[in-house]
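Colleague: Structure in structure tokens, see below.
The values are calculated or read from the model by the stated rules, or taken from the named source; none is laboratory data. Because the structure is predicted, anything quoted here is derived from the model rather than measured. Note: ideal-geometry Cβ built from the backbone for every residue, glycine included; neighbour counts use all protein chains shown.
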Amino acid sequence: MSNILSSIINAEDLVKLNLSEIVLIDSRAGINAEENYNSLHLKGARYVDLNKDLAAAGDPAEGGRHPLPSLDKFSEVLSRLGISPSSNVIVYDDKNGSNAASRFWWMLRAIGHEKVQVLNGGLQEALKAGFPTISETENFEKTAKYPVSDWKLGLADIEEVEKARNNPQNIVIDVRDKNRFDGLTEPLDLIAGHIPGAVNVPFSENLDENGLFKSAETLAEIYSEILKDKPSQNIIVHCGSGVTACHTLLAMDYAGIEIPKLYVGSWSEWSRNNREMAVKN
């Protein structure tokens, strides 16, 4: 693996850990996410908000629907959550890691934080494993401001994607489901379709029939066939707004593949900038 800890932790291993030695993060997103957290969450878990903490507000045409927050803002978020450079962070959501858990994992890895894992199967698997839950306010101490200098993992902007999409030395991967890629449906953005030249590898292919990540060996086989030995700097992964794409970056890292570039703006930015688009007639 590219990091000391496996990027994925199973629920049966989580229940064996001492809560005082980890920082558990609930990253459920969507309507009523924080209310759901307040109603019930894993004991000790601290809530992080996708829109307020893991993204910046702005024009979707300039950075997509979930642009990265400033490094200073993210540092403040980590301090508020009680996360320091030595923290062992475990993050979960209720969408098999695709909601915001993988985004938070990527952001931590991107500032150089190695000790971060995503809970395989999320909240549901923890409940099955008997992890305790509560509905009370969590009390924890803030930490000193987390020292952050830059994003250390690869990022691609819209101009780089433009150059890469028709270059045989590059590969642009769209992880949205096939119906969105094919332009048959679009629940979130203004236009249905995809970036011409991109290939569709739905993030759901990272998961088995039980909604758990496939084995590292299986994922390595899948992506080795897709990537064809291309170096990580020649690979760009995107989705609708730079959130679900991180699920595939997580799967690749779990498989021992160097993390490729993330196009944060993704389809939400591309489709608002008069770029060439593959749409259904």
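Colleague: Just the residues that are assigned to a helix (DSSP H, G or I), of a type in the set (Ser, Thr, Tyr) and either without any contact (Cβ under 8 Å) to a residue 24 or more places away in the chain or over 15 Å from residue 140 (Cβ atoms) (or both), please, taken from the stretch 62-81.
Modeller: Of everything in the stretch 62-81, just one residue is assigned to a helix (DSSP H, G or I), of a type in the set (Ser, Thr, Tyr) and either without any contact (Cβ under 8 Å) to a residue 24 or more places away in the chain or over 15 Å from residue 140 (Cβ atoms) (or both), namely 75.
Colleague: Could you go through the stretch 232-239 and let me know if any residue there is in a helix (DSSP H, G or I) and either free of Cβ contacts under 8 Å to residues at least 40 places away in the same chain or not assigned by TED's automatic domain parsing to the domain that holds residue 167 (or both).
Modeller: The answer is no, given that none of the residues of the stretch 232-239 is in a helix (DSSP H, G or I) and either free of Cβ contacts under 8 Å to residues at least 40 places away in the same chain or not assigned by TED's automatic domain parsing to the domain that holds residue 167 (or both).
Colleague: Under 7 Å between Cβ atoms, at least 6 apart or on separate chains: pull out the pairs that start in the stretch 10-35 with a residue that is in the same structural domain as residue 84 (by TED's automatic domain parsing) and end on any residue that is aromatic (Phe, Trp, Tyr) and assigned to a helix (DSSP H, G or I).
Modeller: The qualifying pairs are 25/104; 26/37; 27/104; 28/37.
Colleague: Here's something else I'd like to know. Looking at 150, 94, which is the one that is outside the structural domain of residue 263 (by TED's automatic domain parsing), of a type in the set (Asp, Glu) and surrounded by fewer than 17 Cβ atoms within 10 Å (Cβ to Cβ)?
Modeller: The conditions single out 150.
Colleague: Something else about it: With (1) in a loop (DSSP other than H, G, I, E, B); (2) of a type outside the set (Lys, Arg); (3) at pLDDT 95 or above as the list, and residue 217 as the residue in question, which single condition is left unmet?
Modeller: Unmet for residue 217, out of (1) in a loop (DSSP other than H, G, I, E, B); (2) of a type outside the set (Lys, Arg); (3) at pLDDT 95 or above: (1).
Colleague: May I pose another question? In the stretch 82-198, which strands (runs of 3 or more DSSP E) lie fully inside it and hold 3 or more residues that are closer than 18 Å to residue 276 by Cα?
Modeller: Once the strands (runs of 3 or more DSSP E) in the stretch 82-198 are filtered for at least 3 residues that are closer than 18 Å to residue 276 by Cα, what remains is 171-174.
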